[in-house]
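The values are calculated or read from the model by the stated rules, or taken from the named source; none is laboratory data. What you see is a predicted model; the values in this text were computed from it and never measured. Counting neighbours? That spans all protein chains shown, and the Cβs are built from the backbone with ideal geometry, glycine included. Just the protein is used for accessible areas: all its heavy atoms, side chains included, with ligands, DNA and RNA removed. Shrake-Rupley method; radii C 1.70, N 1.55, O 1.52, S 1.80 Å.
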Amino acid sequence: MKSSLPNTLFMLMQSYRVTTRDAINANDLGLNAMHVRCLHIIAATPQCTANDIVTQTQRDKAQIARLIKELLALNLINKCASEHDKRCFIVSFTASGTALFNKLLSAERQVNEQMCKNLNSTQINDFLSTAQTMIKNMQ
């Protein structure tokens, strides 16, 4: 019997999150999926601000402010005033944040390899195309 689409997607997302979190010991650090998403955004966004994170995650400012505060407390990021607007803060990685992010990227590569084992490139590309269409349909 085939699983329903919602069950399949949920199981895939949950397996991906759990495997990645285990690989970087996220539970020991107190990190959740939103922390990891924020780390990705900080790494990918030059002169990253809290507003950049709010925009990309579509979460409210208060939630992102709490996440940034938690990442600061874990000494994974720094926060400094922008040269262009002193009311705005730029967030960037500390040395330990960079090390954790590199560990995260390595763990994600391993999880991706495991997840795509026994799939050919056509199957992977078809899945990505289908998933992108589903995402667009939901927006």
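Filtered by the rule that a residue be over 21 Å from LEU29 (Cα atoms) and either free of Cβ contacts under 8 Å to residues at least 24 places away in the same chain or among the aromatic types (Phe, Trp, Tyr) (or both), segment 82-99 gives GLU83, HIS84, ASP85, LYS86, ARG87, PHE89. Considering only residues in segment 73-88 that are more than 17 Å from the chain's Cα centre (by Cα) and assigned to a strand (DSSP E or B), the one that is farthest from MET13 (Cα to Cα) turns out to be ALA81. Could you figure out which of (1) crowded, with 16+ Cβ neighbours inside 10 Å; (2) more than 23 Å from ALA99 (Cβ to Cβ); (3) not β-branched (Val, Ile, Thr) isn't true of LEU71? Condition (2) is where LEU71 drops out. Only a single criterion out of (1) under 16 Å from ASN112 (Cα atoms); (2) in contact (Cβ under 8 Å) with a residue 60 or more places away in the chain is not satisfied by LEU39, namely (1). Scanning segment 21-33 for residues that are in contact (Cβ under 8 Å) with a residue 60 or more places away in the chain and within 20 Å of GLU70 (Cα to Cα) yields a count of 2. The residue of segment 1-40 that is modelled with the lowest pLDDT, among those that are of a type in the set (Lys, Arg) and open to solvent by 70 Å² or more (accessible area, probe 1.4 Å), is LYS2. The set of residues in segment 89-120 being over 23 Å from ASN32 (Cβ atoms), in a helix (DSSP H, G or I) and open to solvent by 80 Å² or more (accessible area, probe 1.4 Å) consists of GLU113 alone. Residue pairs whose Cβ atoms lie under 6 Å apart, sitting 6 or more positions apart in sequence or on different chains, and linking a residue in segment 55-81 that is within 30 Å of MET138 (Cα to Cα) and of a type outside the set (S, T, N, Q) to a partner that is open to solvent by less than 90 Å² (accessible area, probe 1.4 Å) and part of a helix (DSSP H, G or I), are LYS61/VAL54; ILE64/ALA50; ILE64/ILE53; ILE64/VAL54; LEU67/MET34; LEU67/CYS38; ILE68/ALA50. Among the conditions (1) open to solvent by 80 Å² or more (accessible area, probe 1.4 Å); (2) of a type outside the set (Lys, Arg); (3) in contact (Cβ under 8 Å) with a residue 24 or more places away in the chain, the only one that PHE127 does not satisfy is (3).
Of the residues screened, GLN47 is one that is touching a residue at least 40 places away in the same chain (Cβ under 8 Å), exposed (fewer than 15 other Cβ atoms within 10 Å of the Cβ), at positive phi and polar (S, T, N, Q).
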